[in-house]
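S.K.: The structure's right below; bear with me while I get my questions together.
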Amino acid sequence: MFVLSFVPSLASADDPDSVAWAEQRVQKEIVRPLAEQVSKRFSRARPAPRERRVRITDPTPSHDAKGRDFVPFAVDVRFGGAEWKRDDVVGCVYRASGAVFIRREGAYYPASLLLGKGVAAVSGVCEPSPPARS
Amino acid sequence: MADETYSAMQRQLRIWLRIAFLAGMVSGSLLISAMSVAYFDFDSLPPFVIEKLPLRFQTLWLASLRVHVLAAAISFPLCLASLTRAVQRRVALHRVLGRIAGIVVLFGLLPSGAVLSLDAKGGPFVSAGFLFSGSIVAYALFHGVRAARRHLLVAHARAMRHVVAQMSVAVSSRALIVGFDSAGIDPEVAYMIALWVPVLASALLAELLSPSSGLRASCVVLIERIRREMSSFALVVRVRALVRPVPRLGR
């Protein structure tokens with residue numbers, strides 16, 4: 001699955017509107033599927049937020065240790081009150097493949113974790129590689 | 001005459017409150033059980049589990065969740081049935097239901113609940129709430145069984161009220177979460193309040209409802225003193241004195 005997630009998608013790294021593209025990927029992989037889930041009212045689970053919004057936290061792509069470009073994002077949520085709760089979900093979108101990862105407890109997982117899929121943490125993703133020494 | 005009417009009204013009110021409590025708890029228990037069916041789908045994880053991932057001991061936690069849900073679905077209705085007069089009149093049935101419920105609570109509900117509480121969302125304060133509630137159940141269950149074996153029925157009833165009261169937190173807490181969500185209160189704050197308030201209120205109510213409780217005795221004495229010193233006529237006069245000035249303000 002990890003290998004498949006890096007199969008190139010139609011969006012290229014040179015896409016002029018890469019921020020909008022990354023937002024769309026997060027919308028498709030996280031926001032829409034979560035919104036479609038039926039929220040259970042009489043449960044100890046957190047009630048479903050009234051609204052979710054995607055923020056691209058740094059529009060300039062970073063590179064991981066393998067030199068792949070990614071864009072970090074955050075999903076903010078709003079419950080009944082007027083205030084947005086920032087960074088409810090944070091992660092990154094890979095520009096070449098469109099793969100979306102989310103951070104939990106310091107590790108990164110494929111976004112399908114949020115939809116209840118049993119997936120393992122993926123090491124080395126969403127972490128910018130240190131700048132090369134001259 | 002007035003005292004007789006007052007006592008009759010009190011009795012009637014108690015009956016209605018008892019019926020309302022039992023009906024609410026049975027409905028709540030059925031609803032929780034229906035909602036918990038998803039926990040037994042071994043292919044996908046329900047939202048309540050997803051929001052906790054990753055867990056340190058996921059297999060143990062998931063197994064505990066399933067045991068807890070199953071144990072609650074069996075023991076809570078049995079406890080509620082044992083509270084009814086119809087079952088209490090049939091001593092043998094009451095004993096059998098009580099024993100089954102006691103075993104399920106002691107060996108299923110409490111240990112699994114303790115495991116789940118360690119990873120409760122909301123941190124140590126919420127974990128402490130679950131553990132406190134579980135401790136009350138364990139302590140009351142132990143004393144309730146001991147009292148039953150010694151044929152101390154009043155003490156047994158008092159202890160078992162505490163057991164059922166803490167088990168009812170599962171329903172009242174969820175009802176509060178729904179209410180807080182409708183009111184737009186932050187879910188994390190709501191979760192904390194919706195746990196601690198029912199735990200403490202249930203313990204207090206169980207104590208107040210127990211005839212052998214010292215707390216109840218002092219409350220009854222206080223209420224009786226207030227009632228004797230404040231006649232219903234005086235109360236009407238006071239209420240009118242408070243209400244009357246309000247419409248006058250509009251003139």
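The values are calculated or read from the model by the stated rules, or taken from the named source; none is laboratory data. This one's a predicted model, so the numbers in the text were calculated from it and none came from an experiment. Here Cβ is always computed from backbone atoms with ideal geometry, including for glycine, and neighbour counts include all displayed protein chains. Areas reflect the complete protein model, heavy atoms only, side chains present, ligands, DNA and RNA absent. Shrake-Rupley method; radii C 1.70, N 1.55, O 1.52, S 1.80 Å.
S.K.: In the range B:191-212, which residues are more than 22 Å from B:S29 (Cβ to Cβ) and within 13 Å of another protein chain (Cβ to nearest Cβ)?
M.R.: Across the range B:191-212, the qualifying residue is only B:M192.
S.K.: Do you know which residues across the range B:1-47 are among the hydroxyl-bearing types (S, T, Y) and within 14 Å of chain A (Cβ to nearest Cβ)?
M.R.: B:S27, B:S29, B:S33, B:S36, B:Y39, B:S44, listed by residue number.
S.K.: Looking at the range B:13-55 only, could you name the residues that are β-branched (V, I, T) and touching a Pro at 6+ places or on another chain (Cβ under 9 Å)?
M.R.: B:V26
S.K.: With respect to A:G67, is the statement that it is within 30 Å of B:I185 (Cβ to Cβ) and not in a strand (DSSP E or B) true?
M.R.: no
S.K.: What about B:S75, is it polar (S, T, N, Q) and more than 13 Å from every other protein chain (Cβ to nearest Cβ)?
M.R.: Against the criterion (polar (S, T, N, Q) and more than 13 Å from every other protein chain (Cβ to nearest Cβ)), B:S75 qualifies.
Matching residues to (1) more than 14 Å from chain B (Cβ to nearest Cβ); (2) open to solvent by 50 Å² or more (accessible area, probe 1.4 Å):
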site	(1), (2)
A:E29	yes, yes
A:R32	yes, yes
A:A35	no, yes
A:R50	no, yes
A:D64	yes, no
A:R68	yes, yes
A:V75	no, no
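S.K.: Now, a different point. Please name all residue pairs, on different chains or six or more residues apart, with Cβ atoms under 7 Å, provided the first residue is in the range B:120-131 and is in contact (Cβ under 8 Å) with a residue 40 or more places away in the chain and within 14 Å of another protein chain (Cβ to nearest Cβ) and the second residue is open to solvent by 30 Å² or more (accessible area, probe 1.4 Å) and of a type in the set (A, V, I, L, M).
M.R.: Sorted first by the residue in the range B:120-131, then by its partner, the pairs are B:G122/B:M192; B:V126/B:M192.
S.K.: Among the numbered conditions (1) of a type outside the set (D, E); (2) part of a helix (DSSP H, G or I); (3) surrounded by fewer than 16 Cβ atoms within 10 Å (Cβ to Cβ), tell me where B:G129 comes up short.
M.R.: For B:G129, the failing item is (3).
S.K.: A further question follows. Looking at (1) touching a Ser or Thr at 6+ places or on another chain (Cβ under 8 Å); (2) free of Cβ contacts under 8 Å to residues at least 12 places away in the same chain; (3) aromatic (F, W, Y), which one does A:F73 not meet, given that it meets all the others?
M.R.: Failing condition for A:F73: (2).
S.K.: Give the residue that is surrounded by the most Cβ atoms within 10 Å (Cβ to Cβ), with candidates limited to residues of the range A:88-134 that are in a loop (DSSP other than H, G, I, E, B) and within 12 Å of chain B (Cβ to nearest Cβ). If you could, list the steps in order and put the result at the bottom.
M.R.: We begin by selecting, within the range A:88-134, every residue in a loop (DSSP other than H, G, I, E, B); these are A:95-99, A:105-106, A:116-121, A:123-134.
Now narrow it down to the ones that are within 12 Å of chain B (Cβ to nearest Cβ): A:105-106, A:116-121.
On the way: A:E105: 10, A:G106: 7, A:G116: 18, A:K117: 15, A:G118: 12, A:V119: 16, A:A120: 12, A:A121: 16.
Per the stated criteria, the residue is A:G116.
S.K.: Which ones in the range B:144-178 are over 14 Å from the mean Cα position of the chain (by Cα) and within 11 Å of chain A (Cβ to nearest Cβ)?
M.R.: Hits for the range B:144-178 are B:I177, B:V178.
S.K.: Kindly indicate whether any position in the range B:103-112 is among the small types (G, A, S), buried (at least 17 other Cβ atoms within 10 Å of the Cβ) and not in a helix (DSSP H, G or I). If you could, list the steps in order and put the result at the bottom.
M.R.: Taking the range B:103-112 and keeping what is among the small types (G, A, S), we get B:108, B:112.
Now restrict to residues that are buried (at least 17 other Cβ atoms within 10 Å of the Cβ): B:108, B:112.
Subsequent filtering for residues that are not in a helix (DSSP H, G or I) retains none.
Within the range B:103-112, not a single residue is among the small types (G, A, S), buried (at least 17 other Cβ atoms within 10 Å of the Cβ) and not in a helix (DSSP H, G or I).
S.K.: Right, here's the next one. Return the total of residues in the range B:56-78 being of a type outside the set (V, I, T) and open to solvent by 20 Å² or more (accessible area, probe 1.4 Å).
M.R.: 13
S.K.: Scan the range B:104-137 residue by residue and report those that are under 17 Å from B:L55 (Cα atoms), out of contact with any Phe, Trp or Tyr (no Cβ under 7 Å at 6 or more places or on another chain) and of a type in the set (S, T, N, Q).
M.R.: Listed by number, the residues that qualify are B:S112, B:S127.
S.K.: Could you tell me whether B:I32 is open to solvent by 70 Å² or more (accessible area, probe 1.4 Å) and of a type outside the set (S, T, N, Q)?
M.R.: No.
S.K.: Moving on. Take the range B:53-94 and flag every residue that is of a type in the set (D, E, K, R) and assigned to a helix (DSSP H, G or I). Walk me through it before giving the result.
M.R.: Our first condition is that a residue be of a type in the set (D, E, K, R); within the range B:53-94, this holds for B:56, B:66, B:85, B:89-90.
Result: B:R66, B:R85, B:R89.
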